[in-house]
Amino acid sequence: MRKVCIQVEQSLGERLRQLLIEEELLDIEFPITKKNDLLFFPLRYEIPESQLSKFTHISKELKLVEKELEPFNRKPPDLVTALEGKLPVPLIESIPHSLDIIGEIAVVELDTPVTPYESVIGEAIMEVNSRVTTVYVKEGGITGIRRIRPLRLIAGKAQATTIHTEYGVQLAIDVTQTYFSPRLGTEHDRVTGLIQPNEVLVDMFTGVGPFALLAANRQPVTVYAIDINNQAIKCLEKSLTLNRLTGRIIPLVGDVRNIVQERLVGVADRVIMNLPHDAFSYLDVAAIATKKRGGTIHFYGITSQTQSLEMLSAEVLAQLTNQGYKATIQKSRIVRPSAPHENQVVLDLQVIPE
Ligand SMILES: C[S@@+](CC[C@H](N)C(=O)[O-])C[C@H]1O[C@@H](n2cnc3c(N)ncnc32)[C@H](O)[C@@H]1O
């Protein structure tokens, strides 16, 4: 494409470049080219020769010349732009349903009508997000005791492991074998921001250990990080090395009920119990893990059209009373929507045996 450029001696190029930027004249979509000891600065629009006088204090040798230039290959600003012309317009508008970026891996939810275009969509996701090298599509909901979701590769490298950075901490994750949601980042940060030096924590459903790792990175604490999924604990062990946090976190594989009953009764200043869909089954375990003088429990649950936050709070307090604890709610909040008409919520509870 033909572009009008200002020609200048190389030694004066930087001064001219600064001035052209200030005047908003430099076209940054095109390269500055060089021939012998001359530089050519592409302009956003044509100017008359007379306007060169603005810059003649830099050099009297400035000239306007035309050059054949190719624009830089800039990545599209968003997915809709990247997909323009590649699939029917009405379909583009519904894409994607949801997109999570975990390290170098994108996990996308797509509606059935776009299935024939899924590899095109995967490529476009990589084009827009330059760090992404692998794209998986969700093939169902989160299920089972390990809380994992079936995924299918639609673009890029077949690689399920990655390193995701959350608040300066590197988290090793296998997206096909472990639970992880980048949407919980703010909550990981909030809870670990409450922790005091030298606390003992029990992270009952640690997964790949984001609460445990952020806590140990922030404060000198001892964290018992428990999960029934061996792969999740392997990821946590890798992160301990990556973040040089070995020693502050004790990773434990197994059923939390057995582990707490066998070795963690009465040890914790703080218990984190993030298993929202089955939280009530383990509230007694959380309570017995707290110290005799009392402790904090971060209880994650689900509210819905039939279970309001008030109802859930009342149920939690009633269960703790029945178990012989005096409990107060220090804070309650919606963490994120978890399904249509459902929210993941958290109660920060202070409990003390009666
Ligand atoms: C929602 S995920 C963990 C989330 C994690 N705390 C985070 O913020 O990313 C729940 C985890 O609990 C684990 N789990 C489920 N039942 C368990 C049990 N009875 N004992 C120990 N871990 C369990 C699952 O393997 C899963 O990794």
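None of the figures in this text is laboratory data; all of them are computed from the coordinates on show. All values derive from a computational prediction rather than experimental measurement. For neighbour counting, all protein chains shown are included, and Cβ atoms are generated from backbone atoms with ideal geometry for every residue, glycine included.
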Among bridges DSSP assigns within segment 68-171, what percent are antiparallel (round to 5)?
80
Straight-line reach from Lys291: which aspartates and glutamates have Cα under 13 Å away, leaving out those fewer than 8 places along the same chain?
Glu199, Asp269, Glu354
Convert each backbone phi in segment 131-145 into a coupling constant with the Karplus relation 6.51 cos²θ - 1.76 cosθ + 1.60 (shift: θ = phi - 60°), then list the ³J(HN,Hα) values in order as whole Hz, x for Gly and Pro.
6, 6, 10, 9, 10, 10, 9, 6, 10, x, x, 7, 9, x, 5
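Rg/Rh for the chain to two decimals, with Rh computed the Kirkwood way over all alpha-carbon pairs. Spell out each step's value before the answer.
Values: Rg = 28.3 Å, Rh = 24.2 Å.
Ratio of gyration radius to Kirkwood radius for the chain: 1.17.
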For segment 101-109, just list the computed ³J(HN,Hα) in residue order, Karplus coefficients 6.51, -1.76 and 1.60, θ = phi - 60°, integers in Hz, with x standing in for Gly and Pro.
10, 10, x, 9, 10, 9, 10, 10, 10
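Can you sort Ile145, Ile259 so the residue with the fewest Cβ neighbours within 10 Å comes first? Write down the numbers at each step before the final one.
Details: Ile145 10, Ile259 20.
If I rank by nearby Cβ atoms, fewest first, I get Ile145, Ile259.
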Name the residue, out of Gly122, Gly85, Gly193, whose mean-square fluctuation peaks in a Gaussian network model built on the chain with Cα pairs under 10 Å.
Gly85
Out of residues 5 or more away from Lys326 or on other chains, whose amide H comes under 5 Å of its own, with H placed 1.01 Å from N in the peptide plane?
Ile352, Glu354
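For segment 79-159, what class follows from the C-alpha gyration tensor (a ≥ b ≥ c being the square roots of its eigenvalues): rounded when a/c is under 1.5, otherwise prolate if a/b is larger than b/c, else oblate?
oblate
Could you tell me what percent of the DSSP beta bridges with both partners in the chain are antiparallel, to the nearest 5? The partial results should precede the final answer.
Values: 53 of 75 bridges.
Just about 70 percent of them are antiparallel.
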Cα-Cα pairs in segment 1-151 separated by more than 26 Å, as a whole percent of all pairs, come to 51
Residue of His298, His164, His97 that the Gaussian network model of the chain assigns the largest fluctuation, springs spanning Cα pairs under 10 Å
His97
For segment 2-68, rounded, prolate or oblate, judged on the Cα gyration tensor with a ≥ b ≥ c (square roots of eigenvalues), a/c < 1.5 rounded, else prolate if a/b > b/c?
rounded
What residue among Ser50, Ser332, Ser308 has the largest mean-square fluctuation in a Gaussian network model of the chain, using Cα springs under 10 Å?
Ser50
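Among Met204, Met311, which comes first, second and so on when ranked by fewest other beta-carbon atoms within 10 Å? List each step's numbers first, then the result.
On the way: Met204 28, Met311 12.
Exposure proxy ranking, most exposed first: Met311, Met204.
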Run the reach check for Lys86 against aspartates and glutamates, Cα to Cα strictly under 19 Å, same-chain hits fewer than 8 apart removed. What comes back?
Asp78, Glu109, Asp111, Glu118, Glu123, Glu127
Average silhouette area of segment 315-354, convex hull of alpha-carbon atoms, in square nanometres
3.1
Cα-Cα over 21 Å: which of Lys35/Lys60; Lys35/Lys75; Lys234/Lys292; Lys75/Lys138; Lys34/Lys75?
Lys35/Lys75; Lys234/Lys292; Lys75/Lys138; Lys34/Lys75
Antiparallel bridges, percent of DSSP beta bridges restricted to segment 164-353 (to nearest 5):
55
Quick check: from the Cα gyration tensor, does segment 164-353 come out rounded (a/c under 1.5), prolate or oblate?
oblate
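Under a point-charge model restricted to the Cβ atoms of Lys and Arg (+1) and Asp and Glu (-1), what is the dipole moment magnitude of the chain relative to its Cα centre, in debye to the nearest 20? Before the final figure, lay out the partial values.
Values: 38 positive and 43 negative charges, 202 e Å.
In total the dipole reaches around 980 debye.
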Sequence-distant residues sharing a close amide H with Ile302 (under 5 Å, placed H):
Val345
Taking θ = phi - 60°, what integer Hz values does the Karplus form 6.51 cos²θ - 1.76 cosθ + 1.60 yield along segment 275-286, in sequence order, with x for Gly and Pro?
9, x, 6, 9, 4, 4, 5, 10, 4, 4, 5, 4
